[in-house]
Amino acid sequence: MKKAAIFLSAFAAALSLASCDNEKKQLENLLKTSQQVTDSLNAVIQEEYERRAKLEKELDELDTYAKSLGVNLAAEKDPEKQKNTIERIKEAANALKSQKEKIEQLTARVSRLEKKLAEVTAENERLKEQIAKLAGENLALRNKVDSLTRVTANLKSRLAEAVAAANAQREKLNTGYYIIGGTGFLRDNGVLERRGPFGNAYNPNFDPSQNRNVRRIDISQTTEIEVPARKSDVVIWSPHVRNSYEVVEKSGDRNKSIVRILNPDEFWQTAKVLAIGTEG
């Protein structure tokens, strides 16, 4: 349960990190767009400032021109010329009025743009703060994921070792051996040893792993072993519970026999080596 909880925690942390990364990217894209709007507003405001400066300069020139017309009007004695000067003064006054209206409109537009710029700038700062906060959370999550990944890797390694050990133990428990041959052959291979001047007996210290004539088998799978001898000539030298096996004639070939293991657990309990003699 503890291992499963760690795996789930690692998985959940990885998902949170991915979500945090995704949200951070979205905010960064929003900030990029907002920054573009800010740059655009700054450019427009700069252009409006330049236009207003140009209009104010023209306004000053018109004012100077209107004043000069007033001086000329005061000095002029000819009624006709006075009339022309008055018309020019009226035109200059209208131009001044129009110019002032344009400047006021530009000033109002600049004010609105600056207000909008302030709002966008504030939004930029909010996004930056949010991104910084997410960056901190991202780092914390990344550290957590790294830590959990290391723990998970360690658990996986230990689990793999445990599985390998269990498999090795299972293989050891399920490994059996058998050897078939005449009395002399079995004695020469150390399976049998002399007892007295003429007797032979199974050698309990026989090591099957060191003998190339021994066949290795999976005792959980192998239940029948063919013997190249008549049933009457087959001798089971190794110690096994008698009722756990039987020797029968092979069907269709009376010169061969079958050692049939009826109860593997009971049969292999007393010896992991099956020594089969072929000289009854």
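No lab work stands behind these numbers, since they all come straight from the coordinates. All figures in this text were calculated on a predicted structure; none of them were measured in a lab.
Please list the three semi-axes, largest first and in whole Å, of the ellipsoid equivalent to the range 109-148, using sqrt of 5 times the eigenvalues of its alpha carbon gyration tensor.
Details: eigenvalues 287, 4, 3 Å².
The answer is 38, 4, 4 Å, longest axis first.
Between the Cα long axis of helix 2-75 and the first principal axis of the chain there is an angle of about 10°, rounded to the nearest 10. Look at (1) 18.0, 56; (2) 18.4, 62; (3) 52.8, 170: the one that is Rg and Dmax of the Cα atoms in Å derived from this structure is (3). The lysines within cross-link reach of K97, meaning a Cα-to-Cα straight distance under 25 Å and a gap of 8 or more places when in the same chain, are K54, K57, K67, K81, K83. For the chain, the longest principal axis of the Cα atoms and the long axis of helix 79-174 meet at an angle of about 10 degrees.
Shape class of the range 162-202 from the Cα gyration tensor (axes a ≥ b ≥ c, square roots of the eigenvalues): prolate, since a/c reaches 1.5 or more and a/b is larger than b/c.
Evaluate the relative contact order of the range 44-114 (contact order divided by residue number), counting alpha-carbon pairs under 8 angstrom at least 6 apart; express in whole percent. Working shown, then result.
Details: 36 pairs, mean separation 36.7, N = 71.
With pairs under 8 Å counted, the relative contact order is 52 percent.
Using 0.36 nm per residue of separation minus the Cα-Cα distance, give me the extension gain between K83 and E266 in nm, one decimal. Intermediate values should be presented prior to the final figure.
Details: separation 183, 0.36 × 183 = 65.88 nm, distance 13.92 nm.
The K83-E266 span can extend by a further 52.0 nm.
Dividing the alpha-carbon radius of gyration of the range 117-181 by the rule-of-thumb value 2.2 N^0.38 Å gives 2.62. In the range 144-223, the ratio of gyration radius to Kirkwood radius, Rg to Rh, stands at 1.35 when only Cα atoms are counted.
Length gain on complete extension for the stretch I236 to Q210, per 0.36 nm per residue less the alpha carbon to alpha carbon distance? Please list the in-between numbers first.
Values: separation 26, 0.36 × 26 = 9.36 nm, distance 2.10 nm.
Extra length from I236 to Q210 when fully extended: 7.3 nm.
State log₁₀ I(q)/I(0) for the range 182-277 at q = 0.12, 0.13, 0.19 Å⁻¹ as given by the Debye formula over alpha-carbon point scatterers of equal weight, solvent excluded. Ignoring solvent entirely, the Cα scatterers give -0.39, -0.46, -0.99. Would you mind telling me which residue in F198, F206, F267 has the biggest mean-square fluctuation in a Gaussian network model of the chain, where springs connect alpha carbons within a distance under 10 angstrom? Its mean-square fluctuation being the largest, the pick is F198.
How high is the relative contact order of the range 140-271, in percent, with contacts defined as C-alpha pairs under 8 Å that are six or more residues apart? 19 percent.
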